[in-house]
Amino acid sequence: MAQLPVGNLINGQWDPGEGLERLDVMSPLDGSVLSTVPLSTAAELDRAVEAAAAAFVDWSARTIRDRSQVVYRYRDLLERHTDELAELVHLENGKTLAEGRAEVAKAIEVTEFACSLPQMVAGEVLEVSPGVECRVDRCPLGVVASITPFNFPCMVPHWTIPIAITLGNSFILKPSEQVPLTARLTGDLLARAGLPDGVFGMVNGDRGIVEAICDHPGIAAVSFVGSTPVARSVYARAAASGKRALGMGGAKNHLVVLPDADVELTAENVTESATGCAGQRCMAAASLVAVGDVDHIVQRVCEKAGEVVVGQNLGAVISAEARDRIVGCIDEAEAAGARVLVDGRGATVDGCEGGYYVGATVLDDVTPEMAIAQQEVFGPVLAVIRASDMDEALDIERRSPFGNAAAIYTRDGGTAREFASRATSGMIGVNIGVPVPREPFGFGGWNDSRFGVGNITGEESVAFWTQSRKVTSRWPGE
(Lines give C-alpha, C1' and ligand atoms only; values in the text may rest on other atoms or scores of the structure.)
Protein backbone atom coordinates (compact mmCIF):
# COMPACT_ATOMS: atom_id res chain seq x y z
CA MET A 1 0.00 0.00 0.00
CA ALA A 2 1.67 3.21 -1.16
CA GLN A 3 1.98 6.02 1.38
CA LEU A 4 2.58 9.74 1.04
CA PRO A 5 6.21 10.88 1.12
CA VAL A 6 7.58 11.44 4.61
CA GLY A 7 8.94 14.84 5.61
CA ASN A 8 10.60 16.42 8.62
CA LEU A 9 8.44 17.80 11.43
CA ILE A 10 9.75 21.26 12.37
CA ASN A 11 7.81 23.71 14.52
CA GLY A 12 4.57 21.80 14.03
CA GLN A 13 4.79 21.74 10.23
CA TRP A 14 5.72 18.89 7.93
CA ASP A 15 8.56 20.09 5.73
CA PRO A 16 8.80 18.01 2.53
CA GLY A 17 12.53 18.53 2.40
CA GLU A 18 12.62 19.90 -1.12
CA GLY A 19 16.04 19.70 -2.68
CA LEU A 20 17.18 16.95 -0.33
CA GLU A 21 18.21 13.52 -1.51
CA ARG A 22 15.45 11.00 -0.82
CA LEU A 23 15.54 7.31 0.04
CA ASP A 24 12.91 4.72 -0.84
CA VAL A 25 11.04 3.11 2.05
CA MET A 26 10.54 -0.55 1.14
CA SER A 27 7.98 -2.98 2.53
CA PRO A 28 9.68 -6.20 3.67
CA LEU A 29 6.40 -8.04 3.00
CA ASP A 30 6.73 -7.93 -0.77
CA GLY A 31 9.65 -5.64 -1.62
CA SER A 32 7.40 -2.84 -2.87
CA VAL A 33 8.15 0.86 -2.43
CA LEU A 34 5.91 2.32 0.28
CA SER A 35 7.16 5.89 0.41
CA THR A 36 10.27 8.06 0.37
CA VAL A 37 12.13 9.78 3.19
CA PRO A 38 14.53 12.75 3.07
CA LEU A 39 18.20 12.40 3.95
CA SER A 40 18.40 15.55 6.04
CA THR A 41 21.45 17.73 6.51
CA ALA A 42 22.77 19.62 9.51
CA ALA A 43 20.84 22.69 8.32
CA GLU A 44 17.50 20.90 8.82
CA LEU A 45 18.62 19.76 12.25
CA ASP A 46 19.56 23.36 13.13
CA ARG A 47 16.04 24.52 12.29
CA ALA A 48 14.47 21.71 14.30
CA VAL A 49 16.63 22.46 17.34
CA GLU A 50 15.92 26.19 17.08
CA ALA A 51 12.16 25.52 17.03
CA ALA A 52 12.43 23.05 19.91
CA ALA A 53 14.45 25.48 22.00
CA ALA A 54 11.87 28.23 21.47
CA ALA A 55 9.02 25.89 22.41
CA PHE A 56 10.88 24.73 25.50
CA VAL A 57 10.50 28.11 27.19
CA ASP A 58 6.72 27.87 27.54
CA TRP A 59 6.47 24.07 27.76
CA SER A 60 8.94 23.76 30.63
CA ALA A 61 7.21 26.61 32.50
CA ARG A 62 3.95 24.66 32.65
CA THR A 63 3.25 22.49 35.64
CA ILE A 64 3.96 18.82 35.23
CA ARG A 65 0.28 18.19 35.84
CA ASP A 66 -0.62 20.33 32.81
CA ARG A 67 1.96 18.57 30.67
CA SER A 68 0.75 15.16 31.78
CA GLN A 69 -2.79 16.04 30.71
CA VAL A 70 -1.57 16.45 27.13
CA VAL A 71 0.16 13.08 27.36
CA TYR A 72 -2.99 11.54 28.84
CA ARG A 73 -4.98 12.71 25.82
CA TYR A 74 -2.26 11.30 23.61
CA ARG A 75 -2.51 7.94 25.36
CA ASP A 76 -6.21 7.86 24.48
CA LEU A 77 -5.39 8.58 20.83
CA LEU A 78 -2.85 5.74 20.76
CA GLU A 79 -5.54 3.36 21.94
CA ARG A 80 -8.06 4.59 19.39
CA HIS A 81 -5.52 4.34 16.56
CA THR A 82 -4.06 0.97 17.56
CA ASP A 83 -5.20 -0.77 14.37
CA GLU A 84 -3.83 2.00 12.14
CA LEU A 85 -0.49 2.02 13.93
CA ALA A 86 -0.28 -1.78 13.86
CA GLU A 87 -0.97 -1.76 10.12
CA LEU A 88 1.87 0.72 9.53
CA VAL A 89 4.23 -1.40 11.64
CA HIS A 90 3.18 -4.44 9.61
CA LEU A 91 3.76 -2.68 6.29
CA GLU A 92 7.10 -1.02 6.97
CA ASN A 93 8.69 -3.48 9.40
CA GLY A 94 7.22 -6.80 8.28
CA LYS A 95 5.83 -7.89 11.64
CA THR A 96 2.57 -9.76 11.81
CA LEU A 97 -0.46 -7.63 12.63
CA ALA A 98 -0.74 -9.33 16.02
CA GLU A 99 2.85 -8.36 16.81
CA GLY A 100 2.13 -4.82 15.65
CA ARG A 101 -0.79 -4.56 18.07
CA ALA A 102 1.35 -5.92 20.90
CA GLU A 103 3.97 -3.28 20.12
CA VAL A 104 1.37 -0.50 20.32
CA ALA A 105 0.13 -1.93 23.63
CA LYS A 106 3.64 -1.62 25.06
CA ALA A 107 3.84 1.97 23.78
CA ILE A 108 0.59 2.70 25.61
CA GLU A 109 1.97 1.13 28.78
CA VAL A 110 5.00 3.43 28.84
CA THR A 111 2.78 6.41 28.03
CA GLU A 112 0.60 5.51 31.02
CA PHE A 113 3.73 5.44 33.15
CA ALA A 114 4.56 8.95 31.92
CA CYS A 115 1.09 10.07 33.01
CA SER A 116 1.96 8.97 36.56
CA LEU A 117 5.05 11.18 36.76
CA PRO A 118 3.33 14.04 38.62
CA GLN A 119 3.02 11.69 41.59
CA MET A 120 6.59 10.39 41.22
CA VAL A 121 8.49 13.68 40.92
CA ALA A 122 6.61 15.75 43.47
CA GLY A 123 9.97 16.79 44.95
CA GLU A 124 11.58 16.31 48.33
CA VAL A 125 11.48 18.70 51.27
CA LEU A 126 13.26 18.31 54.59
CA GLU A 127 13.86 20.59 57.55
CA VAL A 128 17.57 19.97 58.00
CA SER A 129 17.98 22.14 61.08
CA PRO A 130 15.72 24.54 63.04
CA GLY A 131 14.39 27.07 60.54
CA VAL A 132 16.42 25.71 57.63
CA GLU A 133 14.67 23.81 54.84
CA CYS A 134 16.13 21.93 51.86
CA ARG A 135 14.07 21.22 48.76
CA VAL A 136 14.96 19.20 45.65
CA ASP A 137 13.25 19.85 42.31
CA ARG A 138 13.54 17.83 39.10
CA CYS A 139 14.18 20.23 36.21
CA PRO A 140 14.09 19.43 32.47
CA LEU A 141 17.29 19.54 30.46
CA GLY A 142 16.07 21.44 27.39
CA VAL A 143 16.16 19.99 23.88
CA VAL A 144 16.76 16.23 23.88
CA ALA A 145 16.86 13.62 21.12
CA SER A 146 16.34 9.92 20.52
CA ILE A 147 17.69 7.81 17.68
CA THR A 148 15.54 4.72 17.23
CA PRO A 149 15.87 1.45 15.27
CA PHE A 150 13.85 -0.35 12.61
CA ASN A 151 12.73 -3.32 14.69
CA PHE A 152 10.14 -1.55 16.86
CA PRO A 153 8.83 1.51 14.98
CA CYS A 154 6.19 2.25 17.63
CA MET A 155 7.40 0.82 20.94
CA VAL A 156 11.00 2.01 21.10
CA PRO A 157 10.26 5.70 20.35
CA HIS A 158 7.71 5.52 23.17
CA TRP A 159 10.38 4.36 25.58
CA THR A 160 11.52 7.99 25.53
CA ILE A 161 9.01 10.43 23.98
CA PRO A 162 6.22 10.47 26.60
CA ILE A 163 8.59 10.42 29.59
CA ALA A 164 10.92 13.13 28.27
CA ILE A 165 8.17 15.55 27.26
CA THR A 166 6.10 15.03 30.42
CA LEU A 167 9.19 16.01 32.39
CA GLY A 168 9.29 19.28 30.44
CA ASN A 169 11.82 18.71 27.67
CA SER A 170 11.45 19.46 23.98
CA PHE A 171 12.11 16.39 21.91
CA ILE A 172 13.59 15.52 18.51
CA LEU A 173 13.11 12.03 17.11
CA LYS A 174 15.36 10.53 14.46
CA PRO A 175 13.61 7.29 13.43
CA SER A 176 15.24 4.61 11.34
CA GLU A 177 15.11 5.63 7.71
CA GLN A 178 13.68 2.15 7.03
CA VAL A 179 10.53 2.72 9.15
CA PRO A 180 9.51 6.41 9.23
CA LEU A 181 5.76 5.94 8.64
CA THR A 182 4.79 4.98 12.19
CA ALA A 183 6.84 7.90 13.50
CA ARG A 184 4.99 10.28 11.18
CA LEU A 185 1.64 9.19 12.61
CA THR A 186 3.10 9.57 16.11
CA GLY A 187 3.82 13.23 15.36
CA ASP A 188 0.31 13.78 14.04
CA LEU A 189 -1.30 12.21 17.11
CA LEU A 190 0.83 14.27 19.51
CA ALA A 191 -0.35 17.43 17.74
CA ARG A 192 -3.97 16.28 17.97
CA ALA A 193 -3.48 15.73 21.70
CA GLY A 194 -2.64 19.42 22.07
CA LEU A 195 1.16 19.30 22.24
CA PRO A 196 2.41 22.79 21.31
CA ASP A 197 4.26 23.28 18.03
CA GLY A 198 7.98 22.65 18.33
CA VAL A 199 7.88 20.52 21.48
CA PHE A 200 8.09 17.39 19.33
CA GLY A 201 10.06 17.37 16.11
CA MET A 202 11.23 14.71 13.72
CA VAL A 203 14.32 14.78 11.50
CA ASN A 204 14.93 11.95 9.07
CA GLY A 205 18.16 10.74 7.58
CA ASP A 206 20.99 8.26 7.74
CA ARG A 207 24.35 8.16 9.49
CA GLY A 208 25.10 11.80 8.68
CA ILE A 209 22.17 13.14 10.68
CA VAL A 210 22.95 10.77 13.57
CA GLU A 211 26.42 12.26 13.79
CA ALA A 212 24.98 15.78 13.57
CA ILE A 213 22.67 15.03 16.52
CA CYS A 214 25.60 13.74 18.56
CA ASP A 215 27.61 16.89 17.80
CA HIS A 216 24.89 19.56 18.02
CA PRO A 217 25.58 22.02 20.89
CA GLY A 218 21.86 22.74 21.32
CA ILE A 219 20.95 19.16 22.23
CA ALA A 220 21.42 18.28 25.90
CA ALA A 221 20.87 14.50 25.88
CA VAL A 222 20.75 11.66 23.37
CA SER A 223 19.38 8.15 23.68
CA PHE A 224 20.07 5.45 21.12
CA VAL A 225 18.76 1.93 20.52
CA GLY A 226 20.37 -0.34 17.94
CA SER A 227 23.36 -2.59 17.36
CA THR A 228 26.24 -2.69 19.84
CA PRO A 229 28.90 -1.20 17.53
CA VAL A 230 26.70 1.79 16.70
CA ALA A 231 25.49 2.17 20.30
CA ARG A 232 29.10 2.32 21.47
CA SER A 233 29.97 4.88 18.78
CA VAL A 234 26.93 7.11 19.43
CA TYR A 235 27.52 7.02 23.19
CA ALA A 236 31.18 7.97 22.82
CA ARG A 237 30.53 10.74 20.31
CA ALA A 238 27.61 12.28 22.19
CA ALA A 239 29.43 12.12 25.53
CA ALA A 240 32.52 13.68 23.96
CA SER A 241 30.41 16.70 22.99
CA GLY A 242 29.24 17.13 26.59
CA LYS A 243 25.84 15.46 26.31
CA ARG A 244 24.15 12.95 28.50
CA ALA A 245 24.08 9.75 26.52
CA LEU A 246 22.53 6.33 26.83
CA GLY A 247 23.07 3.66 24.19
CA MET A 248 21.15 0.38 24.16
CA GLY A 249 23.00 -2.19 22.09
CA GLY A 250 22.61 -5.73 20.87
CA ALA A 251 22.38 -9.05 22.66
CA LYS A 252 23.08 -12.76 22.63
CA ASN A 253 20.53 -14.09 25.08
CA HIS A 254 20.92 -17.54 26.62
CA LEU A 255 17.96 -19.68 27.64
CA VAL A 256 19.09 -22.47 29.97
CA VAL A 257 16.88 -25.57 29.97
CA LEU A 258 17.15 -28.12 32.79
CA PRO A 259 15.82 -31.71 32.65
CA ASP A 260 13.01 -30.94 35.13
CA ALA A 261 11.56 -28.14 32.97
CA ASP A 262 7.91 -28.31 31.94
CA VAL A 263 8.12 -29.68 28.40
CA GLU A 264 5.14 -27.92 26.81
CA LEU A 265 5.64 -24.59 28.51
CA THR A 266 9.35 -24.58 27.68
CA ALA A 267 8.97 -25.64 24.06
CA GLU A 268 6.25 -23.10 23.33
CA ASN A 269 7.98 -20.29 25.20
CA VAL A 270 11.44 -20.89 23.74
CA THR A 271 10.05 -21.08 20.20
CA GLU A 272 8.08 -17.85 20.63
CA SER A 273 11.13 -16.11 22.07
CA ALA A 274 13.34 -17.22 19.18
CA THR A 275 10.91 -16.53 16.33
CA GLY A 276 8.71 -13.68 17.57
CA CYS A 277 9.19 -10.48 15.57
CA ALA A 278 11.22 -12.69 13.17
CA GLY A 279 13.96 -12.79 15.81
CA GLN A 280 14.62 -9.08 15.23
CA ARG A 281 14.63 -7.99 18.85
CA CYS A 282 17.35 -7.66 21.44
CA MET A 283 15.34 -9.85 23.82
CA ALA A 284 15.08 -12.82 21.43
CA ALA A 285 16.31 -16.27 22.38
CA ALA A 286 19.59 -16.78 20.57
CA SER A 287 21.12 -19.77 22.36
CA LEU A 288 19.32 -22.64 24.06
CA VAL A 289 21.76 -24.08 26.58
CA ALA A 290 20.63 -27.69 26.98
CA VAL A 291 21.74 -29.04 30.35
CA GLY A 292 21.97 -32.81 30.68
CA ASP A 293 19.38 -35.10 29.16
CA VAL A 294 16.87 -32.72 27.58
CA ASP A 295 16.66 -34.26 24.11
CA HIS A 296 12.91 -34.67 24.55
CA ILE A 297 12.55 -30.94 25.14
CA VAL A 298 14.78 -30.04 22.18
CA GLN A 299 12.69 -32.34 20.01
CA ARG A 300 9.49 -30.63 21.17
CA VAL A 301 11.05 -27.21 20.44
CA CYS A 302 11.73 -28.43 16.89
CA GLU A 303 8.13 -29.60 16.54
CA LYS A 304 6.88 -26.20 17.72
CA ALA A 305 9.29 -24.43 15.37
CA GLY A 306 7.80 -26.49 12.54
CA GLU A 307 4.41 -24.93 13.33
CA VAL A 308 5.79 -21.44 12.72
CA VAL A 309 4.85 -20.50 9.16
CA VAL A 310 6.20 -17.49 7.30
CA GLY A 311 3.46 -15.12 6.22
CA GLN A 312 1.13 -16.42 8.93
CA ASN A 313 2.63 -16.40 12.42
CA LEU A 314 6.12 -15.36 11.32
CA GLY A 315 6.73 -12.02 9.65
CA ALA A 316 9.42 -10.81 7.28
CA VAL A 317 12.92 -9.62 8.13
CA ILE A 318 13.64 -5.99 7.35
CA SER A 319 15.57 -6.23 4.07
CA ALA A 320 17.10 -8.49 1.45
CA GLU A 321 20.49 -7.72 2.98
CA ALA A 322 19.28 -8.88 6.41
CA ARG A 323 17.82 -12.07 4.90
CA ASP A 324 21.06 -12.89 3.09
CA ARG A 325 23.15 -12.19 6.20
CA ILE A 326 20.97 -14.47 8.37
CA VAL A 327 21.10 -17.26 5.81
CA GLY A 328 24.87 -16.79 5.64
CA CYS A 329 25.09 -17.27 9.42
CA ILE A 330 23.21 -20.57 9.11
CA ASP A 331 25.42 -21.71 6.23
CA GLU A 332 28.56 -20.86 8.18
CA ALA A 333 27.36 -22.69 11.28
CA GLU A 334 26.50 -25.79 9.27
CA ALA A 335 29.92 -25.73 7.63
CA ALA A 336 31.51 -25.47 11.09
CA GLY A 337 29.77 -28.64 12.27
CA ALA A 338 26.35 -27.55 13.53
CA ARG A 339 23.44 -29.85 12.71
CA VAL A 340 20.37 -28.23 11.12
CA LEU A 341 17.30 -29.66 12.85
CA VAL A 342 14.80 -27.17 11.43
CA ASP A 343 15.79 -25.30 8.27
CA GLY A 344 14.24 -21.92 7.46
CA ARG A 345 16.38 -21.13 4.43
CA GLY A 346 14.60 -20.53 1.16
CA ALA A 347 11.31 -19.52 2.77
CA THR A 348 8.77 -17.78 0.55
CA VAL A 349 5.19 -16.52 0.81
CA ASP A 350 2.77 -17.06 -2.06
CA GLY A 351 1.89 -13.76 -3.67
CA CYS A 352 4.78 -12.01 -1.89
CA GLU A 353 7.71 -13.54 -3.72
CA GLY A 354 9.55 -10.21 -3.56
CA GLY A 355 9.44 -10.20 0.26
CA TYR A 356 12.28 -10.95 2.65
CA TYR A 357 11.67 -14.12 4.63
CA VAL A 358 13.64 -16.57 6.76
CA GLY A 359 11.79 -19.46 8.36
CA ALA A 360 12.22 -20.72 11.91
CA THR A 361 15.60 -22.44 12.22
CA VAL A 362 17.03 -24.69 14.94
CA LEU A 363 20.69 -25.72 14.99
CA ASP A 364 22.12 -28.40 17.29
CA ASP A 365 25.68 -29.32 18.23
CA VAL A 366 26.68 -25.66 18.31
CA THR A 367 29.82 -25.02 20.34
CA PRO A 368 30.51 -21.81 22.27
CA GLU A 369 33.44 -21.04 19.96
CA MET A 370 31.34 -20.96 16.77
CA ALA A 371 30.53 -17.57 15.31
CA ILE A 372 26.80 -18.22 15.56
CA ALA A 373 27.21 -18.70 19.32
CA GLN A 374 29.05 -15.41 19.73
CA GLN A 375 27.58 -12.95 17.23
CA GLU A 376 24.12 -11.43 17.13
CA VAL A 377 22.17 -13.03 14.26
CA PHE A 378 19.00 -10.93 14.59
CA GLY A 379 16.82 -13.50 12.88
CA PRO A 380 14.57 -16.46 13.79
CA VAL A 381 17.51 -18.78 14.48
CA LEU A 382 18.00 -20.79 17.69
CA ALA A 383 21.40 -22.35 18.41
CA VAL A 384 21.42 -25.33 20.79
CA ILE A 385 24.58 -25.54 22.92
CA ARG A 386 25.08 -28.60 25.14
CA ALA A 387 26.21 -28.35 28.78
CA SER A 388 26.76 -31.06 31.37
CA ASP A 389 25.51 -29.07 34.36
CA MET A 390 24.34 -25.60 35.38
CA ASP A 391 27.84 -24.43 36.26
CA GLU A 392 28.91 -25.06 32.67
CA ALA A 393 25.74 -23.41 31.39
CA LEU A 394 26.41 -20.33 33.49
CA ASP A 395 30.00 -20.26 32.29
CA ILE A 396 28.73 -20.18 28.68
CA GLU A 397 26.34 -17.34 29.53
CA ARG A 398 28.94 -15.36 31.47
CA ARG A 399 31.54 -15.56 28.69
CA SER A 400 29.27 -13.62 26.31
CA PRO A 401 30.28 -9.96 25.97
CA PHE A 402 26.58 -9.03 25.92
CA GLY A 403 24.29 -8.85 28.92
CA ASN A 404 20.74 -8.04 27.91
CA ALA A 405 18.72 -11.07 29.01
CA ALA A 406 19.06 -14.63 30.26
CA ALA A 407 16.44 -17.17 31.27
CA ILE A 408 16.16 -20.54 32.96
CA TYR A 409 13.51 -23.22 32.60
CA THR A 410 13.10 -25.35 35.71
CA ARG A 411 10.60 -26.37 38.39
CA ASP A 412 13.18 -25.89 41.16
CA GLY A 413 12.90 -22.53 42.91
CA GLY A 414 16.32 -22.76 44.56
CA THR A 415 18.02 -23.47 41.25
CA ALA A 416 16.17 -20.58 39.64
CA ARG A 417 17.25 -18.19 42.38
CA GLU A 418 20.86 -19.31 42.06
CA PHE A 419 20.75 -18.76 38.30
CA ALA A 420 19.24 -15.31 38.71
CA SER A 421 21.98 -14.31 41.15
CA ARG A 422 24.86 -15.61 39.01
CA ALA A 423 23.88 -14.76 35.43
CA THR A 424 25.50 -11.62 34.04
CA SER A 425 22.50 -10.02 32.37
CA GLY A 426 20.34 -7.07 33.32
CA MET A 427 17.02 -8.85 32.76
CA ILE A 428 16.42 -12.40 33.97
CA GLY A 429 13.55 -14.73 33.18
CA VAL A 430 12.36 -17.77 35.09
CA ASN A 431 10.28 -19.88 32.70
CA ILE A 432 9.92 -16.68 30.64
CA GLY A 433 11.93 -16.35 27.44
CA VAL A 434 11.35 -12.63 26.84
CA PRO A 435 11.79 -11.15 30.33
CA VAL A 436 10.92 -7.55 29.49
CA PRO A 437 10.04 -5.76 32.75
CA ARG A 438 6.70 -4.01 33.02
CA GLU A 439 6.62 -0.37 34.05
CA PRO A 440 7.75 1.09 36.43
CA PHE A 441 10.59 -1.46 36.30
CA GLY A 442 12.95 -0.19 33.65
CA PHE A 443 14.40 -1.76 30.51
CA GLY A 444 18.17 -2.06 30.46
CA GLY A 445 20.93 -4.63 30.05
CA TRP A 446 24.52 -4.97 31.20
CA ASN A 447 27.96 -5.14 29.62
CA ASP A 448 28.04 -4.57 25.83
CA SER A 449 24.25 -4.36 25.72
CA ARG A 450 24.23 -0.92 27.35
CA PHE A 451 26.50 2.12 27.25
CA GLY A 452 25.82 4.71 29.91
CA VAL A 453 24.09 4.61 33.26
CA GLY A 454 20.53 3.67 34.12
CA ASN A 455 17.53 2.22 32.34
CA ILE A 456 15.83 3.76 29.32
CA THR A 457 12.35 3.35 30.85
CA GLY A 458 10.91 3.16 34.35
CA GLU A 459 11.86 5.11 37.43
CA GLU A 460 15.55 5.41 36.49
CA SER A 461 14.66 7.22 33.27
CA VAL A 462 13.51 10.24 35.27
CA ALA A 463 17.08 10.96 36.33
CA PHE A 464 18.31 10.74 32.74
CA TRP A 465 15.84 13.32 31.37
CA THR A 466 16.12 15.79 34.27
CA GLN A 467 18.64 17.47 36.52
CA SER A 468 18.15 18.14 40.22
CA ARG A 469 18.03 21.62 41.69
CA LYS A 470 18.55 21.96 45.43
CA VAL A 471 17.16 24.97 47.24
CA THR A 472 18.15 25.67 50.85
CA SER A 473 16.05 28.33 52.64
CA ARG A 474 16.02 30.15 55.94
CA TRP A 475 13.72 33.03 56.79
CA PRO A 476 14.61 35.40 59.66
CA GLY A 477 12.02 35.59 62.44
CA GLU A 478 10.04 38.75 63.13
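The values are calculated or read from the model by the stated rules, or taken from the named source; none is laboratory data. What you are looking at is a predicted structure, and each value in this text was computed from that prediction instead of being measured. Note that we place each Cβ from the backbone using ideal geometry, even for glycine, and neighbour counts take in every protein chain shown.
A few points about this structure:
- Residue in region 5-15 that is under 13 Å from Pro180 (Cβ atoms) and of a type in the set (S, T, N, Q) present: yes
- With respect to the conditions (1) surrounded by fewer than 19 Cβ atoms within 10 Å (Cβ to Cβ); (2) at pLDDT 95 or above, Arg438 falls short on a single one, namely (2).
- Taken over region 78-107, the criterion of being surrounded by fewer than 20 Cβ atoms within 10 Å (Cβ to Cβ) and among the hydrophobic types (A, V, I, L, M, F, W, C) is satisfied by Leu97, Ala98, Ala102, Ala105.
Residues checked against (1) among the hydroxyl-bearing types (Ser, Thr, Tyr); (2) touching a residue at least 60 places away in the same chain (Cβ under 8 Å):
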{"position": "Asp215", "(1), (2)": "no, no"}
{"position": "Tyr235", "(1), (2)": "yes, yes"}
{"position": "Cys277", "(1), (2)": "no, yes"}
{"position": "Ala305", "(1), (2)": "no, yes"}
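- Among the candidates Arg244, Arg207, Arg184, the residue that is without any contact (Cβ under 8 Å) to a residue 24 or more places away in the chain and within 23 Å of Ala51 (Cα to Cα) is uniquely Arg207.
- Among the residues listed as Ala48, Ala53, the single one being surrounded by 22 or more Cβ atoms within 10 Å (Cβ to Cβ), under 24 Å from Asn8 (Cβ atoms) and either touching an Asp or Glu at 6+ places or on another chain (Cβ under 6 Å) or small (Gly, Ala, Ser) (or both): Ala48
- Positions within region 280-297 being assigned to a helix (DSSP H, G or I) and in contact with a strand residue (DSSP E or B) (Cβ under 6 Å, 6 or more places away or on another chain), in sequence order: Ile297
- Flag for Gly292 being over 18 Å from Asp364 (Cβ atoms) and not charged (D, E, K, R): no
- Selection count where residues are hydroxyl-bearing (Ser, Thr, Tyr) and part of a strand (DSSP E or B), scope region 1-46: 2
- Any hit, region 314-323, residues being polar (S, T, N, Q), assigned by TED's automatic domain parsing to the domain that holds Leu382 and touching a residue at least 60 places away in the same chain (Cβ under 8 Å): yes
- Scan of region 95-142 for residues that are hydrophobic (A, V, I, L, M, F, W, C), under 18 Å from Leu167 (Cβ atoms) and part of a strand (DSSP E or B), ordered by number: Val136, Cys139
- Filter result (out of contact with any Lys or Arg (no Cβ under 8 Å at 6 or more places or on another chain), of a type in the set (A, V, I, L, M, F, W, C) and in a helix (DSSP H, G or I)) within region 212-230: Ala212, Val230
- Filter result for the condition that a residue is under 24 Å from the mean Cα position of the chain (by Cα), surrounded by 15 or more Cβ atoms within 10 Å (Cβ to Cβ), within 30 Å of Ala145 (Cα to Cα) and at pLDDT 95 or above, over Arg325, Arg244: Arg244
- Within region 115-131, residues that are touching a residue at least 60 places away in the same chain (Cβ under 8 Å) and β-branched (Val, Ile, Thr) sit with their Cβ atoms under 7 Å from residues that are surrounded by 13 or more Cβ atoms within 10 Å (Cβ to Cβ) and assigned to a strand (DSSP E or B), at 6+ positions apart or across chains, in these pairs: Val121/Arg138; Val128/Cys134.
- Residues that are in the same structural domain as Ile147 (by TED's automatic domain parsing), in a helix (DSSP H, G or I) and over 20 Å from Asn169 (Cα atoms) are absent from region 257-265.
- Test: Val71 is under 15 Å from Cys139 (Cα atoms) and either in contact with a Phe, Trp or Tyr (Cβ under 9 Å, 6 or more places away or on another chain) or assigned by TED's automatic domain parsing to the domain that holds His216 (or both): no
- Within region 205-214, the only residue that satisfies the criterion of being closer than 21 Å to Phe56 by Cα and crowded, with 24+ Cβ neighbours inside 10 Å is Ile213.
- Unique match (being out of contact with any Asp or Glu (no Cβ under 6 Å at 6 or more places or on another chain), at pLDDT below 95 and in the same structural domain as Gly142 (by TED's automatic domain parsing)) among Gly94, Gly31, Gly17, Gly100: Gly17
- Residue in region 247-276 that is surrounded by the most Cβ atoms within 10 Å (Cβ to Cβ), counting only those that are over 23 Å from Thr424 (Cβ atoms) and of a type in the set (Gly, Ala, Ser): Gly276
- So Phe402, is it among the aromatic types (Phe, Trp, Tyr), touching a helix residue (DSSP H, G or I) at 6+ places or on another chain (Cβ under 9 Å) and crowded, with 24+ Cβ neighbours inside 10 Å: yes
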